[in-house]
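K.L.:
This is the structure, below, for whatever I ask next.
The values are calculated or read from the model by the stated rules, or taken from the named source; none is laboratory data. Model, not experiment: these values are computed from the prediction. Virtual Cβ from ideal backbone geometry, glycine too; neighbours counted across all protein chains shown. For accessibility, only protein heavy atoms count, side chains too; no ligands or nucleic acids. Shrake-Rupley method; radii C 1.70, N 1.55, O 1.52, S 1.80 Å.
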Amino acid sequence: MIEVRQKVFRLSTKSTSYLFRILPTGHLENLHYGRLLAWQDFQGLYMKQNAGVGSSVLYEEGGYTLDLLPLEYSFNGKGDFREMPFEIKMPDGSYVCDFHYESHEILEGTLPMEEMPTAKGEEAETLVVHLRDTLHPLRMTLVYTVFSNCDVITRRAVIENRSDQPVEILKFMSMQLDLLMDHPEVLTLSGGWIREAQKERHRLPVGSFLQESRTGGSSNRHNPGLLLMEKNATEDFGKVYGFNLLYSGNHRSVVEKTSHGLVRVHQGISPHNFSWVLESGETFRTPEAVMTVSMDGMNGVSHHFHDFINRHIISKEFQYKERPVLMNNWEATFFDFNERKILSLAREAKKLGVELFVLDDGWFGERNSDRAGLGDYGENRKKLPSGIKGLAEKIKAMGLDFGLWFEPEMVNEDSDLYRNHPEYALQVPGRTPSKGRHQLVLDINRREVQDYIIKEVSHLLESCDISYVKWDMNRHMSDVYSDAVNHQGMAFHGHILGLYRVLKILTERFPKVLFESCSSGGNRFDLGMLSYMPQVWASDNTDPISRLSIQEGLSYFYPLSTIGAHVSESPHQQTLRKTPLETRFHVASFGVLGYELELTHLNLKEKEEVKKQIAWYKKYRSLMQFGRFYRFDSVRENRVNFQVVSEDRKKTVQGFFQKMQEPSPPFDVMPFKGLHHENTYVVRTREASMDIEVFGSLLKHVMPIKLSPGGLILRNARKLYRLPHNVEEYTAKGDLLSEGLRIHQQFMGTGYQKDTRMLGDFGSQLMVGEMKEEN
Ligand code: GLA
């Protein structure tokens with residue numbers, strides 16, 4: 001709800017309030033962002049400046065210093081010396097500007113932008129605050145949209161040049177939030193290829209903390225999501241602020257702490273190589289930033305983000321729609337396949353319960369390696385004699401949906417597209433462009449390039465029955481120069497605007513096609529892409545132990561329904577780690593499940609196991625994709641717990657994951673969060689089995705006969721027998737479960753008993769809780 005009384009604005013969500021007021025000068029002072037506050041005399045929140053200001057600058061004689069005020073948005077050159085959200089070369093050539101409140105409006109719903117995605121949904125209210133510069137005819141607008149049901153407020157800013165001369169914008173952040181905090185800490189996600197979304201927590205010194213992507217995309221290096229919290233905040237306790245940005249290009253987050261305990265947060269387009277010339281009469285809009293706050297720790301903030309994304313970012317067609325279990329051929333075949341191979345994989349996948357078959361890279365042009373073919377989306381008839389249409393029909397006839405991989409934003413020099421249109425690639429005249437994965441980036445600033453992509457992708461989607469598209473983008477941007485913009489400082493952002501036009505047209509034209517965004521895995525995991533594509537391939541790294549930290553990291557900002565997670569082969573192709581089949585599944589089940597391995601490498605017993613996994617996942621799919629997700633403050637380095645709870649709190653699944661086996665390990669306790677305390681639940685271990693190979697010569701613990709570990713009998717025995725894991729079942733009320741179930745001990749080398757938990761390195765188990773109906 002948005003209310004304005006006596007120059008105070010109160011924006012309230014279900015459990016939070018955001019307050020600011022108009023100062024006598026016309027500047028806007030932020031008063032509060034935190035718990036829900038009733039209307040009252042808010043003077044207690046006004047910032048007091050009744051001591052001397054020393055060397056500070058007073059805005060006007062007898063007035064205040066802007067430097068010591070929490071401000072809604074700041075302007076350069078009038079005594080606020082903190083990070084500036086906005087830098088512009090004014091018509092007089094100076095960098096000084098001073099915008100004051102002029103008027104405001106309150107609108108029902110959201111205020112969408114044509115050129116960029118915004119959060120959607122009718123249950124929203126928007127506040128538009130108009131400001132004007134005191135000297136030049138420039139107008140600024142601050143836009144706030146309140147999504148009460150998920151405790152989120154979005155922010156963005158707009159500048160309009162009403163002067164008769166161009167102005168140059170050098171920096172324009174989407175939001176500013178000034179807070180008072182004593183010992184703030186930030187949590188961000190950093191990484192790179194195959195190690196995306198690694199969480200980092202830092203205590204802030206006095207000074208600025210900067211998190212920025214300059215790769216052209218939102219990047220695997222620095223995700224746009226950021227948490228800011230009190231010193232002792234944990235997963236479930238403490239005040240935590242969350243920020244994110246609906247943007248897929250270069251972005252920046254800055255948190256500045258001053259010696260007076262003021263903390264300033266900015267998020268927006270990175271000013272790196274950015275300068276936007278705004279002609280007379282033109283308007284520039286920033287991307288939309290997302291803010292939330294919770295008193296219930298980091299899990300609290302994540303729950304707000306998850307609800308917000310599922311309800312207001314994901315397109316209507318896929319909102320809370322269960323995602324199919326897919327089989328992708330990439331790690332099974334790479335470029336080396338033909339129709340027969342693909343059909344045999346699909347047939348096998350179908351038998352195991354898979355619903356969607358995805359044909360990855362290598363199906364078009366001369367794409368037999370990553371050195372050629374990008375840009376030419378005609379089928380490679382040598383590999384696929386009946387074309388994509390024929391293949392899709394055959395796969396459909398098996399009862400599977402069919403999906404296809406594209407990398408439409410790129411081109412190989414060895415392609416007809418490049419031979420015919422070298423000008424389509426980003427490159428500086430006279431300079432040899434640098435390549436990544438042997439490819440160049442198409443200049444999507446150009447209309448004709450946008451139209452080429454729309455035409456190529458539409459052609460395939462119109463002529464074949466394709467229900468899923470994996471949309472890849474496999475390199476960072478370099479040699480950014482475009483003939484389509486007047487000033488090269490506009491090329492990075494213009495590229496993203498071009499991409500959004502393409503994605504908008506395609507997703508509106510094919511609303512039923514499920515798009516999965518990919519960028520060498522999670523190199524573009526952001527709210528901009530999620531506005532068009534409901535799920536993202538989280539990482540090319542499918543090793544379940546690496547995935548624990550990748551998926552956990554992503555979960556701070558993104559719901560499980562958006563996280564693509566596949567079971568692949570062991571030893572893993574990037575980490576060489578050998579992990580149990582059950583753990584590969586257990587980790588992938590906390591996400592959108594898929595399989596990406598050579599199915600013929602599985603023995604009969606393993607196939608039976610996979611079949612059971614898929615059947616189990618389908619039964620609990622809505623819980624695993626849309627349930628309330630909880631992280632745990634790890635008590636032990638070596639173990640990770642994940643938990644999901646259904647909206648009605650009647651069902652829950654908890655995963656217990658062990659990294660390395662500890663000798664004589666401590667007792668394991670599993671606390672369940674989010675259940676009804678007074679109701680009774682039955683909690684039971686998911687039945688799974690383990691490969692007897694892990695025992696080697698110790699098999700004598702388990703079997704009555706003695707076998708040589710490398711011998712023929714054991715190798716054959718593996719194909720015929722897997723050892724069932726212990727199963728425990730408890731009936732208990734939610735209050736007891738919240739204290740923690742004391743589960744069976746793990747194996748300690750003193751002989752095997754059937755109710756010992758045999759986990760070993762990388763072992764795991766799931767426990768499923770269901771509320772008893774008589775309650
Ligand atoms: C990227 C993707 C992979 C796969 C390959 C194909 O690396 O992340 O999943 O699609 O491209 O070339």
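K.L.:
Among the helices (runs of 4 or more DSSP H) confined wholly to the stretch 284-360, which include 2 or more residues that are within 16 Å of the ligand (Cβ to nearest atom)?
P.N.:
Those helices (runs of 4 or more DSSP H) span 330-333, 339-352.
K.L.:
Among the helices (runs of 4 or more DSSP H) lying completely within the stretch 472-562, list those that include at least 3 residues that are within 28 Å of Arg446 (Cβ to Cβ) and under 17 Å from the mean Cα position of the chain (by Cα).
P.N.:
527-532
K.L.:
Let me ask something additional. Six or more apart or on different chains, Cβ under 8 Å: which pairs go from a residue in the stretch 338-349 that's open to solvent by less than 20 Å² (accessible area, probe 1.4 Å) to one that's modelled with pLDDT of 95 or more and of a type in the set (S, T, N, Q)? Could you list them?
P.N.:
What qualifies is Ile342/Asn329; Ile342/Thr333; Leu345/Asn329; Leu345/Thr333.
K.L.:
Say we look at the stretch 381-413 and pick out the residues that are open to solvent by 10 Å² or more (accessible area, probe 1.4 Å) and part of a loop (DSSP other than H, G, I, E, B); which of these is farthest from the ligand (Cβ to nearest atom)?
P.N.:
Here the residue is Gly399.
K.L.:
Just to verify a result, which residue in the stretch 442-471, among those that are β-branched (Val, Ile, Thr) and either not in a helix (DSSP H, G or I) or not assigned by TED's automatic domain parsing to the domain that holds Phe492 (or both), is nearest to the ligand (Cβ to nearest atom)?
P.N.:
Among them, the one singled out is Val469.
Per-residue answers, yes or no, for (1) within 14 Å of the ligand (Cβ to nearest atom); (2) in contact with a helix residue (DSSP H, G or I) (Cβ under 6 Å, 6 or more places away or on another chain); (3) in a loop (DSSP other than H, G, I, E, B):
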position: Gly564; (1), (2), (3): yes, no, no
position: Gln574; (1), (2), (3): yes, no, yes
position: Glu582; (1), (2), (3): no, no, no
position: Val587; (1), (2), (3): no, yes, no
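K.L.:
Scan the stretch 41-63 and tell me whether some residue there is surrounded by 21 or more Cβ atoms within 10 Å (Cβ to Cβ), farther than 30 Å from His304 by Cβ and either more than 37 Å from the chain's Cα centre (by Cα) or not hydroxyl-bearing (Ser, Thr, Tyr) (or both).
P.N.:
no
Residue by residue, here is whether (1) out of contact with any Asp or Glu (no Cβ under 7 Å at 6 or more places or on another chain); (2) closer than 26 Å to Ser539 by Cα; (3) surrounded by fewer than 21 Cβ atoms within 10 Å (Cβ to Cβ) holds:
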site	(1), (2), (3)
Asp416	no, no, yes
Gly436	yes, yes, yes
Gln439	yes, yes, no
Asp472	no, yes, no
Ser478	yes, yes, yes
Phe492	yes, yes, no
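K.L.:
One residue is enough: does the stretch 101-122 have a residue meeting the conditions under 25 Å from Gly79 (Cα atoms) and surrounded by fewer than 17 Cβ atoms within 10 Å (Cβ to Cβ)?
P.N.:
Checked against the condition, which is being under 25 Å from Gly79 (Cα atoms) and surrounded by fewer than 17 Cβ atoms within 10 Å (Cβ to Cβ), the stretch 101-122 yields at least one hit.
K.L.:
Which ones in the stretch 1-32 are surrounded by fewer than 16 Cβ atoms within 10 Å (Cβ to Cβ), outside any loop (DSSP other than H, G, I, E, B) and among the basic types (Lys, Arg)?
P.N.:
Scanning the stretch 1-32 gives a single hit, Arg5.
K.L.:
Working only within the stretch 207-253, note down all residues that are open to solvent by 30 Å² or more (accessible area, probe 1.4 Å) and either among the polar types (S, T, N, Q) or in a loop (DSSP other than H, G, I, E, B) (or both).
P.N.:
Passing the criteria: Ser208, Arg214, Arg221, Glu230, Lys231, Asn232, Thr234, Asp236, Phe237, Lys239.
K.L.:
Hey, which of the strands (runs of 3 or more DSSP E) in the stretch 663-763, taking only ones fully inside, have at least 3 residues that are open to solvent by 80 Å² or more (accessible area, probe 1.4 Å)?
P.N.:
So the answer is 729-733.
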